[in-house]
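Please read the structure below before turning to the comments.
What follows draws every value from the coordinates through simple rules; no lab data is involved. These numbers were taken from a predicted model, which means no experiment stands behind them. Reconstructed Cβ throughout: ideal geometry from the backbone, glycine too, with neighbour counts over all protein chains shown.
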Amino acid sequence: MVTGDEDPTQVLIRSTPDFQVGKVSSYLTGDPNLLIAGETLRYTITVKNVGNDDAVDAILRDQSPVNTQYAVGSTSLNGVPVADAPGGTSPLSVGLLVLAPENPTPGALRADPSPAADNVATLIFDVVVDPGVLDGTVISNQAFVSAPGSGISDRPSDDPLTPILDDPTRDVV
């Protein structure tokens with residue numbers, strides 16, 4: 001080492017979670033390709049941490065879309081029923097700490113971009129389309145994931161069935 005030859009350059013290495021949030025819909029009654037007023041619409045949301053740091057406080061929010069009513073008792077996380085919020089409202093409306101089946105800690109999602117990784121939280125909930133909704137009405141819904149301790153706020157869900165990134169899931173009555 002030569003005196004005065006020290007390199008004062010500092011390199012800041014930042015690690016953070018990064019979420020892929022997918023959201024698809026399906027119709028539970030009647031024709032699986034046709035949504036009719038009064039029918040049940042099921043949403044399936046997947047949250048995967050593809051970043052380079054684990055998330056410890058991942059929370060998902062999702063409001064029931066306009067022209068629908070939340071189906072009481074229909075929410076599950078990784079196949080396990082989740083209690084409704086007070087008044088029989090969706091637990092996602094106030095925010096729900098998510099987790100993957102590999103770690104039972106609420107809010108914990110391990111970082112791993114590998115497609116085969118088991119670090120995916122899967123949430124399912126149902127809504128019923130209002131019976132008086134007119135044909136042609138678009139039901140649009142989007143979920144948001146945050147990790148406040150990592151500075152991530154409102155990462156939107158994406159409908160993987162469209163080429164548009166971070167778009168809401170849309171269904172036509």
- line: Candidates for mean projected area of the Cα convex hull in nm² are (i) 12.0; (ii) 9.4; (iii) 13.8, and the calculated one carries label (iii)
Choice from ASN119, ASN103, ASN141 with maximal GNM fluctuation in the chain (Cα, 10 Å cutoff): ASN103
- request: Can you check what the net charge comes to around PRO113, using other residues whose Cβ is under 9 Å from the Cβ of PRO113 (Lys, Arg +1; Asp, Glu -1)?
  value: -1
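Under the definition of Cα pairs under 8 Å and six or more residues apart, what whole-number percent is the relative contact order of region 1-126?
28 percent
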